[in-house]
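Let me begin by presenting the structure, written as structure tokens, before commenting on it.
What follows is calculated from the coordinates using simple rules that are stated; it is not laboratory data. All values reported here derive from a predicted model rather than from experimental measurement. All Cβ positions, glycine included, derive from the backbone under ideal geometry; neighbour counts span all protein chains shown.
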């Protein structure tokens, strides 16, 4: 009885099935646990002679005999399948009612189904007759079938014949597989049969194939009919035609998940499928590989031959790629000129060979409207789980590998792994994080002392920028300054260093410490910028530092780029009172005549010469010659990279002016440098 109640109450929740109950002359009555009337169908109203307006105010005490009221409130016991109740008509006459379904719904209502004659119980022998009546009611709205327990068709209505395009004679006795479209996976049918063989109603949308091969969709409900032991012996199938809606849905789906130009699945579908493939690989402990393919050359075609030609070229390229990757992989268009290929369970060797084959494939021209057009191709690859931990990481690593090979060669491929590209990946992350670092104030300064070796006293310092990166920790300027130049951020970073160095030097002076010169490194790009002089003047004014305590360092390489412009800038800085220094002197092979024409204040001798003294006579002679020349030109000299006493002893002998190196101090934070300034005399370690 509970199984029947489940089926009937489920049917009652749909207005469509409510009308079926009326056709089968079943009385439906719904009441609250305390006895209040909640719902009744027309059959129940007719049985007792009430209108709905009249029935609403009645309770079960008004409608059933006293001995039945308690039974209805408590419900059947001991697995009873049916009961005979005494109903009270409106005229107070008694009516024998057969109860065959009872269900308590969420403790808020009780559902019962009744027939006004016991012989009207839904016996097996009367099913076909009942189905004939049901079919008549549904003839113009739904396709109806009845099958035996094995799924063989024993009844169809005219509507089913119409939509399936089979005659009744062709359908009867045949299995339901006759309209199978092949669109649903086996799991779909396994779930269907598991549901209905357990006696439950199944609902879903089914894709069916008509006799002429056309597809039609039905919103299907399959109701099992149970014998007295609760075992299904027949199934009623009701399908309402929803083909038009499904066609519209498929159109919307295609617009959302497929690329309009190439008809390939788009990025949204790509990410969804890749996530599923990675989850499946995790579950089965297998692999899934990803290719990111970048085609370049399209912009030239668009600009020179028009976008229509460019679109044709892209379509041809997509077809060529798809023919190659199918059926082993799935091709997606994920961006304007980027494609992706998902390849489950492919060996690394086969993946690499596939990339080589694609590059060879694109060495052949595309013949379009009399033109032979070429595209370059770069491919980045990654394999899960070797090169990543999840699907987002898989996309990132494959894309990263693609960009790296694109930066190196016109046609190439690169396979990402955990043992490769660590430095390149770091470079990529640093480049992307530079702007945020400025905004979040992740940069800071170290200061390395410059010592007068005769007095063992700090007379200057070089300001050196560092980056406290949230992932990599403290990053050297050797790593990120070239990236800042590539990204066009060197000007902003350089001005930040200049301002902080000047501000800090002024703070030390205001604190009563001995004045020192702070030198700031300028790249060639910074130094040759048209606003460079104005920038220095502005920072000095903002910080209040006197110009003679600032020194601008430029490399010898920058000096050789544009001697006239560099010389003019040095002259302007000198007029302001700002000192200049030539850094890494001796490495750029600059003509010594440059020094005669320049009015620079300081030469910093490159550490590559210092490390060879005093043991290497050549290095010693070069350093001595530079110092002697500088003194004749009234230019101070600084020896960089001094690390031992022997070097210091020789440098004193040849009269170098300043020492900078680890022998005295490595670059230190601001507070530590301040302590060194307070010491006065500063001896080598």
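Once both labels are positioned 7 Å from their Cα atoms along Cα-to-Cβ, the gap between residue 349 and residue 254 label points is 4.2 nm. Extent of region 258-420 along its three principal axes (Cα atoms, max minus min coordinate, largest first): 51, 32, 22 Å.
Here the extension length gained between residue 393 and residue 535 equals 46.8 nm, from 0.36 nm per residue of separation less the Cα-Cα distance. Of 562, 583, the sequence from fewest to most neighbouring Cβ atoms within 10 angstrom is 562, 583. Relative to the longest principal axis of the Cα atoms of the chain, the long axis of helix 243-257 lies at roughly 10 degrees.
Which of the peptides 149-155, 332-338 is most tightly packed, and how do the rest follow, going by the mean number of other Cβ atoms within 10 Å of each residue? List each step's numbers first, then the result.
On the way: 149-155: 15.3, 332-338: 18.3.
Those peptides, ordered most packed to least, come out 332-338, 149-155.
Calculated on the alpha-carbon coordinates, the convex hull of region 303-369 measures out at 93 cubic angstrom per residue.
Per the Debye calculation on the chain with a single equal scatterer at every Cα and no solvent contribution, log₁₀ I(q)/I(0) for q = 0.12 Å⁻¹ amounts to -1.20. Set the Förster radius R0 to 30 Å, insert the Cβ-Cβ distance between residue 283 and residue 407 as r into 1/(1 + (r/R0)^6), and round the FRET efficiency to 0.05. Once rounded, the FRET efficiency stands at 0.25. If R0 equals 35 Å, the separation of the Cβ atoms of residue 91 and residue 158 corresponds to a calculated FRET efficiency of about 0.25. Cβ crowding within 10 Å, taken as a proxy for footprinting-reagent exposure, orders 358, 342 from fewest neighbours to most as 358, 342. For helix 477-486, report the angle its Cα long axis makes with the longest principal axis of the Cα atoms of the chain; keep it between 0 and 90° and round to the nearest 10°. Helix 477-486 sits at roughly 70 degrees to that axis. Note on residue 476/residue 338: beta-carbon distance plugged into 1/(1 + (r/R0)^6) with R0 of 30 Å gives a FRET efficiency of 0.35.
Give the relative contact order (percent, whole number) for region 443-678; include only Cα pairs under 8 Å separated by 6+ residues. Don't jump to the answer; show the numbers that get you there.
Values: 390 pairs, mean separation 47.6, N = 236.
It rounds to 20 percent for region 443-678.
Pair-distance distribution of region 443-678: all C-alpha pairs, bin width 5 Å, starting at 0; shares per bin in whole percent are 1, 6, 14, 18, 20, 18, 14, 7, 2, 0.
The distance from the alpha carbon centre of region 249-317 to that of region 518-546 is 49 Å, rounded to a whole number. Measure nothing fancy, just the Cα-based angle from helix 186-197's long axis to the longest principal axis of the chain, in degrees from 0 to 90, nearest 10. For 186-197 against the chain, the angle is about 40 degrees.
In this simple spin-label approximation, residue 104 and residue 572 carry label points 7 Å from Cα along the Cα→Cβ vector, and these lie 9.3 nm apart.
Determine, for 681, 356, 569, 427, the number of other Cβ atoms within 10 Å of each Cβ, and report the residues in order from fewest to most. Numbers along the way, then the final one.
Details: 681 8, 356 12, 569 21, 427 17.
Going from least to most buried by this count: 681, 356, 427, 569.
For residue 320 and residue 431, the difference between the fully extended length at 0.36 nm per residue and the C-alpha to C-alpha distance is 36.4 nm. Extension gain, residue 300 to residue 32, is 88.9 nm, computed as 0.36 nm per intervening residue step minus the present C-alpha separation.
Modelled spin-label separation between residue 442 and residue 557, with each label point placed 7 Å from Cα along the Cα-to-Cβ direction: 2.5 nm.
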